Amino acid sequence: MNDSIDHAALASAIAGFRTVMLTSVGSGGRLHSRPLPLLEVDGEGTLWFFMDRTSQLAIDVLVHTQVAVIATRTEVGTYIAVSGHAVVRNEPALVRELWHEAYRCWFPRQIEESQLTMLCVLPDDIQSWTGLGLATGGDSS
């Protein structure tokens, strides 16, 4: 994880997002993107997600840990891009702690069948834009 990232600012900026796009690198270097519910951003800036351990995402991140997380709120002009590394964590107690019935539409059976596991993204870089201008990090291209 990049120590130059302001973890509190990241947590504050992305905390209100319920769903984000997570992009992983698949076979042959192809990018795979999918929406995922963002469970939380902890005090160290780690983004936490549920993941089916038998999914394409699980296969992707075991081979290529580099991922990107994109969060947008076009109605208020907020755009956030996080690049980092994904880590699969088998933590059944944390799954039970963070589980809410609202996630059943994403994961209809996995909690009962023990296929649900944790995916955390350790940020290496963050870029954010507000309105039409660049707020922090990166360039505007």
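The values are calculated or read from the model by the stated rules, or taken from the named source; none is laboratory data. Keep in mind it's a predicted model, so treat the numbers as computed, not measured. Here the Cβ is made from the backbone with ideal geometry for all residues, glycine too, and neighbour counts use every protein chain on show.
Observations, loosely collected:
- In region 1-19, the qualifying residues are those that are in contact with a Pro (Cβ under 8 Å, 6 or more places away or on another chain) and either at pLDDT 95 or above or part of a loop (DSSP other than H, G, I, E, B) (or both), and the one that is surrounded by the most Cβ atoms within 10 Å (Cβ to Cβ) is 5.
- Exactly one residue out of 18, 53 is more than 17 Å from residue 128 (Cβ to Cβ), touching a Leu at 6+ places or on another chain (Cβ under 7 Å) and of a type in the set (D, E, K, R): that is 18.
- Out of 62, 39, 31, sole residue that is at pLDDT 90 or above, of a type outside the set (Asp, Glu) and buried (at least 18 other Cβ atoms within 10 Å of the Cβ): 39
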